[in-house]
Amino acid sequence: MPDPLYRMARAEALRIVHLDSFIAVFHRDSGLTHLLAAPAPEIMATLGEAGLSRAALAARLAAEFELADLDDAALAERLDELVACGLVAAA
Amino acid sequence: MGRAVSDGRLLARMLRTPGNALALDAAGWTALLAMARAEQMIGTLALRLDGLALPDDVARILADARASAAQGQVAALWEVEMARRALAPLGEPVVLLKGSAFAAAGLRAGEGRSIGDLDILVPWARIDAVEAALLAAGWEWVKPNAYDDAYYRQWMHELPPLIHRDRDRMIDVHHTILPLTARITPDAASLLVNSVAIGPGVRMLAPSDMLVHAAAHLFADGDLAGGMRNLWDVHCLVEQFGTAGLAERAAHHGLGAAVARAVRLSAALYGDGAALTPGDHACLRRVTARDGWGRATRPVTRLAFYVRSHWLRMPPLMLARHLWTKWRTKPD
Amino acid sequence: MRHVFSVRIGPVGFRVGSAWRAPIAQLETLYADYPKPDVPDFSVRLFPARPWRRVIRPSVTIGGDFMLPDAAPLPLEQGLLAAEMGMNLQMALGQRRYLLLHASVVERDGRALLMTGVSGAGKSTLAALLAARGWRLMGDEFALLDPATGLVHAFPRLVSLKNAAIEVVTRALPEARFGPLLAGTPKGDVRHLVPDAAAVAAMDVPVPPALLLFPGYGFAAEERAVPPSEVFVRLTQASTNFVALGERGFDALARLVKTVPARAIDYPDTDSAVAQVEKLWAAL
């Protein structure tokens, strides 16, 4: 797939609890619980339901969260993880 | 008053006429609940009895059963969604079978139903592409045994079972609804052509085809294990969609007799009764072979049906070879 | 099922059916002071896998509403253990109202202490020793957390003591009632302690949790705080029904993790453990 758009799960489907440096996320649509550490929460907060390409996401992360040193390969891996667990859909 | 019968007909009576349950004593309730659990129908029972003035213990147990069934459906429908995401790049819709279809489409047959694996139907021509897409999306093979794999691929109506490595849930990918070795060969292409959309990228069989599949699953594919739930599915489908055009559709798939029997049996158990043949009575005995402790009873009847179901799936010579090989490779 | 026993333990009722009289007789004796349920939540069955196994080298296969397909049977002399394992299995696989945590629970001053960790870390032993020092025993296998209220409900089954712990506890509790010594079980020697009258009488009194401990054997007595995210992960691993409970389970666990302090303690011997526990409790 050439340049997919990554979309967040619906906000109403997420129940989020902050625990020290992790967040616990209950995903109502799946019934699954995920424990996420940076930069996953930041990625989720930035993506939104409209969707962003990986390049656009990288740019926004750099601007809003000062995550400029997150290299492309690492970002791709984090996105793959979020897609695999169902919190993000790639179209 | 209380329990007049101590086999599956107790459960059937309560599902057919929920008000009967008010006459149960503690022992009767205990037996009914054990039976319902053993038949995977406690969620269904809980919904049927909703609103009745139940004893406190029972009300609590059934409330928990309803919550459990509801959460189970969330998980099952999520498997549907993840399968849809995995197959979307192929342009292949997910055609759901059995419980997942009933739940996804909000059918009566899905209410309170426990759902196990995800069963989907795909065209024979696309099975390799579907297999590759699922493996890429995190599903893995369950069985490493090479013989079983060759047998499955060559003769069965589905891929060998796949399980998702993170979520630990199974998916069964079918390309027809009976094994290729079976004496009856339904029209798989027609099942797909007549399928009905439930949502974007998700479909189910047409109502008559769902009934044909339920009958095929019950008689020609299985040994009638799980028959009480299967016949409840048939009963709900008939109630919701009626039987117009069903006989013709069943005949087209070569399953006329099986479907007619399924309709008679579900009417006898859950509906307004039916005129039963001697063969029907034998099936009912098998289907209701469950006692008040949830144990399967009537072992001779069950064995007869197990042998019969294998005979239906495989010609005798192949069956002998299959059982010989399995016996040879059995551990210990 | 030829012989039947039923019992209510905290909010959960069981019936146990058996092909043999002996395990039922033992259950009747040991649970004599417990109430009976009207309609039990779960059924356990003790049966021979093959008909001749009822009399020839009799061995007990454990069944019930929920079963494990390849579970090995136990010899009839360990029938009591089979019944207890059967009840554990029904809870582990079938409990849907309370969030289950694999933990022992004791109560003091209207608040609960939960001790959780891997098998063999000493949860049952510590619970029994604290009971000897005036704490109320609420359970040694499962903590039952009510998602609606956040309270812990007592589930005081027979306390399962293994190997060296048997002597330690029988010495500490000379007045207590014990079941028979079961030698050569899959977990070694096992003996069951019957919860005392106070524990049984207060069985239906739930209390809020106040302290969560992760005990373990160590060379020297040590203690450290456990951060919430670690507690969360360890407790999901210690729960058999977290996923099945869905959002209720998540909320119950998040609330526990955010409101109850958690400590990991290493202890070289049980006296040291008891001292550490009482010191931490006093400091709350």
**Q.** Residue satisfying all of: in region C:9-59; part of a strand (DSSP E or B) and either modelled with pLDDT under 95 or more than 23 Å from the chain's Cα centre (by Cα) (or both); nearest to the other protein chains (Cβ to nearest Cβ) among these
**A.** C:Phe47
Q. Which residues, taken from region C:224-254, are more than 9 Å from every other protein chain (Cβ to nearest Cβ), of a type in the set (D, E, K, R) and surrounded by 15 or more Cβ atoms within 10 Å (Cβ to Cβ)?
A. C:Arg234
(Q) Can you find, within region C:255-284, the residue that is nearest to the other protein chains (Cβ to nearest Cβ) among those that are farther than 26 Å from C:Gly94 by Cβ and touching a Pro at 6+ places or on another chain (Cβ under 7 Å)? (A) C:Lys258
Q | Hits in region C:60-116 - residues which are in contact with a Gly (Cβ under 8 Å, 6 or more places away or on another chain) and among the aromatic types (Phe, Trp, Tyr) | A | C:Phe66
Q.
Looking at region B:35-45, can you tell me whether even one residue there is more than 14 Å from chain C (Cβ to nearest Cβ), in contact with an Asp or Glu (Cβ under 9 Å, 6 or more places away or on another chain) and touching a residue at least 60 places away in the same chain (Cβ under 8 Å)?
A. yes
Q: State all residues of region C:245-274 that are among the β-branched types (Val, Ile, Thr) and either closer than 30 Å to B:Ala63 by Cβ or assigned to a helix (DSSP H, G or I) (or both); if no residue qualifies, say none.
A: C:Val257, C:Thr259, C:Val260, C:Thr270, C:Val274
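Out of region B:269-297, which residues are of a type outside the set (Ser, Thr, Tyr) and either part of a loop (DSSP other than H, G, I, E, B) or at positive phi (or both)? First the steps, then the outcome.
Of the residues in region B:269-297, the ones of a type outside the set (Ser, Thr, Tyr) are B:269, B:271-276, B:278-287, B:289-296.
Residues satisfying the conditions are B:Gly271, B:Asp272, B:Gly273, B:Ala274, B:Ala275, B:Leu276, B:Ala289, B:Asp291, B:Gly292, B:Trp293, B:Gly294, B:Arg295.
Looking only at region B:235-252, decide whether some residue is part of a helix (DSSP H, G or I), surrounded by 16 or more Cβ atoms within 10 Å (Cβ to Cβ) and among the polar types (S, T, N, Q).
Initial filter on region B:235-252 (part of a helix (DSSP H, G or I)): B:235-241, B:246-252.
Of the ones still in play, those that are also surrounded by 16 or more Cβ atoms within 10 Å (Cβ to Cβ) are B:235-238, B:241, B:246, B:249-250.
Then drop every residue that is not among the polar types (S, T, N, Q), which leaves none.
No - not one qualifying residue is present in region B:235-252.
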Q: Please go through region A:5-50 and pick out each residue that is in contact (Cβ under 8 Å) with a residue 24 or more places away in the chain, on the phi > 0 side of the Ramachandran plot and either within 14 Å of another protein chain (Cβ to nearest Cβ) or of a type in the set (Phe, Trp, Tyr) (or both).
A: none
Q.
Which of the numbered conditions does A:Leu61 fail, given that it passes all the others? Conditions: (1) more than 12 Å from every other protein chain (Cβ to nearest Cβ); (2) out of contact with any Pro (no Cβ under 8 Å at 6 or more places or on another chain); (3) without any contact (Cβ under 8 Å) to a residue 60 or more places away in the chain.
A. (2)
Q: Would you check which residues across region C:197-208 are under 21 Å from C:Thr116 (Cβ atoms) and either within 14 Å of chain A (Cβ to nearest Cβ) or in contact with a Lys or Arg (Cβ under 7 Å, 6 or more places away or on another chain) (or both) and list them?
A: C:Ala199, C:Val207, C:Pro208
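So, restricting to strands (runs of 3 or more DSSP E) that lie completely within chain A, which ones have at least 1 residues that are loosely packed, with under 13 Cβ neighbours inside 10 Å? Walk me through how you get there before you give the answer.
Working: elements: A:6-8, A:14-19, A:22-27, A:32-37, A:88-90.
In chain A, A:32-37 are the strands (runs of 3 or more DSSP E) which contain 1 or more residues that are loosely packed, with under 13 Cβ neighbours inside 10 Å.
The values are calculated or read from the model by the stated rules, or taken from the named source; none is laboratory data. Computed from a predicted model, the values in this text were never measured in an experiment. Cβ: placed from backbone, ideal geometry, glycine included. Neighbour counts: every protein chain shown.
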